[in-house]
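J.: Once you've had a glance at the structure underneath, I'll fire off some questions.
The values are calculated or read from the model by the stated rules, or taken from the named source; none is laboratory data. In this text, all values refer to a predicted model and were calculated from it rather than measured experimentally. Don't worry about glycine lacking a Cβ; one is built from the backbone with ideal geometry, like all the others, and counts go over all protein chains shown.
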Amino acid sequence: MSTAFPKAAKVALGMPQLRSNLAHATGAIRAKRTDVAGELDDWEELRSTAAAVKADVQHRLPELALEFERNARAAGARVHWARDAAEANRIAARITCEAGADEVVKVKSMATQEIELNEHFEAEGLAAWETDLAELIVQLAEDRPSHILVPAIHYNRTEIREIFNERMPDAPSDLTDDPAALAEAARLHLRRRFLSAKVAVSGANFAIAESGALVVVESEGNGRMCLTMPETLISVVGIEKLLPRFDDLEVFMQLLPRSSTGERMNPYTSVWTGATEGDGPEDVHIILLDNGRSGVLADEVGRQALSCIRCSACLNVCPVYERTGGHAYGHVYPGPIGAILAPQLEPGEHDDLPYASSLCGACYEVCPVKINIPEVLVHLRRQGPHGAGERAVMGAAQRVMARPRLWRAALRAARFLSRPWRGRGHVRRLPWPGSKWTGSRDMSVPPRLSFRDWWKERER
Ligand code: SF4
């Protein structure tokens, strides 16, 4: 069993600046999301409709993917299919070289991070420049993103100014940590790249089967520059991004900005269908990516994870994510969605992630597409290497709890054995097999009186 998360979480918990940056940023987004979601009377109906649309997509995925391919081709796009990351990267690099380019500008995209496109390009002697501000910060710092939507959430503005001063060759010498000054420095830095790039790489938030259109939702306008200025556009799109009809966007465009940035509307929504002469890129490629998604689809409980619209609301409410940050998860998808998606996309890997949760259910409550994350977490735990042991322990506990005399005797024994720790209120370390529990959490000491005993005393 992988033990990467508990170890990495321990390291992250010892970094007070990181915890303070995360608590501040997630707290602010959380409050905004609650306010704007509360403005809509039909919020719950929107969530249910979105969940139903996504469930329909999963039932008809092959049919919808072929419909999308047919319509995108008819509109002038070239559609490629990639079974895995290696194939997608090969196709993207080949198209870039055939376009006579040795660099690309990129729109923020989780799919290209998932396949490690930047790393592949570098190995091939090609450069991939991130143009989203937060992705740019992470790339300049030679770091990894720690949040789906706010990849540089673990930095505060003073740290960002230091990164710009050290790593951005054209950063102004008098750069302050004022957010407007930092954004302006990045804008000037990126403008040259936009003007010189022949090829752009994007992902897509949605792919519309009935027309072959792709949709990118963003906040900064850098995406619009990438999607319109270069001659060649390559979009790497996970097959789960399909929506049957353009009208379905009505539901998702209300849910996504509110759930992600706490905005009623996102500032830029780009929709394009194939290629149009004299209007934007004329060489348009779409790489439809599987990379483990077919396997996820085969699991009737786990497939819910494919409904995810990458809004990151579940990260912002997760008590585990807020304390450890994204790097501890060791995967491009962190937080609650990462805990159910990573082990399914890469079976046999990341099997510690379903345990990176208190099962409090906050993620399920905020998820705009109603993914029952706790249900999938428990399902994955059962399938994991500790599944059999956990079932045996739970079965034994169930048998004891079903027999009142046995249960009372067990409680008495627990109270007696835990006497040395009563003053402290919790136990830090137990010998095996109790160490399996206390290795990553404290154990509460049973109270001096059980509820029944307390009640009896009270009645006397
Ligand atoms: S699981 Fe739900 S809440 Fe989390 S990122 Fe995906 S859509 Fe958003």
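J.: Against the condition assigned by TED's automatic domain parsing to the domain that holds residue 229, touching a helix residue (DSSP H, G or I) at 6+ places or on another chain (Cβ under 9 Å) and over 23 Å from residue 345 (Cβ atoms), how does residue 57 come out, does it pass? Spell out how you get there, then give the answer.
T.: Details: assigned by TED's automatic domain parsing to the domain that holds residue 229: yes; touching a helix residue (DSSP H, G or I) at 6+ places or on another chain (Cβ under 9 Å): yes; over 23 Å from residue 345 (Cβ atoms): no.
The answer is no for residue 57.
J.: Out of the residues in the stretch 348-374 that are of a type in the set (Val, Ile, Thr) and assigned to a helix (DSSP H, G or I), state the one that is nearest to residue 257 (Cα to Cα).
T.: Taking the candidates together, the pick is 366.
J.: Here are 361, 338, 384: which of them is small (Gly, Ala, Ser) and buried (at least 24 other Cβ atoms within 10 Å of the Cβ)?
T.: 338
J.: Could you pull out every one of the helices (runs of 4 or more DSSP H) wholly within the stretch 59-139 that has 3 or more residues that are over 20 Å from residue 308 (Cβ atoms)? Step through it out loud before you land on a result.
T.: Numbers: elements: 61-74, 85-98, 110-114, 117-123.
Filter on the stretch 59-139 gives 61-74, 85-98, 117-123.
J.: Look at the stretch 327-342 and say how many of its residues are more than 24 Å from residue 265 (Cα to Cα) and within 12 Å of the ligand (Cβ to nearest atom).
T.: Kept after step one, since they are more than 24 Å from residue 265 (Cα to Cα), are these residues of the stretch 327-342: 327-336, 338-342.
Checking the rest, the ones that are also within 12 Å of the ligand (Cβ to nearest atom) come to 333-336, 338-341.
So the answer is 8.
J.: Being under 19 Å from the mean Cα position of the chain (by Cα) and β-branched (Val, Ile, Thr) is the filter; apply it to the stretch 205-217 and report the residue that is surrounded by the fewest Cβ atoms within 10 Å (Cβ to Cβ).
T.: If we take residues in the stretch 205-217 being under 19 Å from the mean Cα position of the chain (by Cα) and β-branched (Val, Ile, Thr), then 215 is surrounded by the fewest Cβ atoms within 10 Å (Cβ to Cβ).
J.: A further question on this structure: So the check is Cβ under 7 Å with 6+ separation or different chains; which pairs have a first residue in the stretch 296-311 that's small (Gly, Ala, Ser) and a second one that's within 13 Å of the ligand (Cβ to nearest atom) and in a loop (DSSP other than H, G, I, E, B)?
T.: Once the first residue is small (Gly, Ala, Ser) and sits in the stretch 296-311, its partners that are within 13 Å of the ligand (Cβ to nearest atom) and in a loop (DSSP other than H, G, I, E, B) give 305/371; 307/369; 307/371.
J.: While we're here: Can you name the residue in the stretch 218-259 that is hydroxyl-bearing (Ser, Thr, Tyr) and surrounded by fewer than 24 Cβ atoms within 10 Å (Cβ to Cβ) and is also modelled with the highest pLDDT among such residues?
T.: Once the filter is applied, the top-ranked residue is 232.
J.: What do you reckon, is residue 43 farther than 29 Å from residue 266 by Cα and either of a type in the set (Phe, Trp, Tyr) or touching a helix residue (DSSP H, G or I) at 6+ places or on another chain (Cβ under 8 Å) (or both)? First the steps, then the outcome.
T.: Working: farther than 29 Å from residue 266 by Cα: no; either of a type in the set (Phe, Trp, Tyr) or touching a helix residue (DSSP H, G or I) at 6+ places or on another chain (Cβ under 8 Å) (or both): yes.
Judged against the criteria, residue 43 is not a match.
J.: Being modelled with pLDDT of 95 or more, more than 22 Å from the chain's Cα centre (by Cα) and surrounded by fewer than 18 Cβ atoms within 10 Å (Cβ to Cβ) is true for just one of 183, 123. Which residue is that? So that I can check it myself, show each step before the final result.
T.: Numbers: 183 fails: modelled with pLDDT of 95 or more.
The match here is 123.
J.: Residue check: is residue 158 within 28 Å of the chain's Cα centre (by Cα), touching a residue at least 12 places away in the same chain (Cβ under 8 Å), away from the ligand (no atom under 16 Å from the Cβ) and surrounded by fewer than 16 Cβ atoms within 10 Å (Cβ to Cβ)?
T.: When the stated conditions are applied, residue 158 passes them.
J.: Residues of the stretch 327-347 being under 23 Å from residue 154 (Cβ atoms) and part of a loop (DSSP other than H, G, I, E, B), which ones?
T.: 330, 331, 332, 333, 334
J.: Specify which of the listed residues (65, 8, 72, 25) is under 30 Å from residue 387 (Cα atoms) and either in contact with a strand residue (DSSP E or B) (Cβ under 6 Å, 6 or more places away or on another chain) or buried (at least 16 other Cβ atoms within 10 Å of the Cβ) (or both). Let's see the steps before the verdict.
T.: Values: 65 fails: under 30 Å from residue 387 (Cα atoms); 72 fails: under 30 Å from residue 387 (Cα atoms); 25 fails: under 30 Å from residue 387 (Cα atoms).
Every option except 8 fails the conditions.
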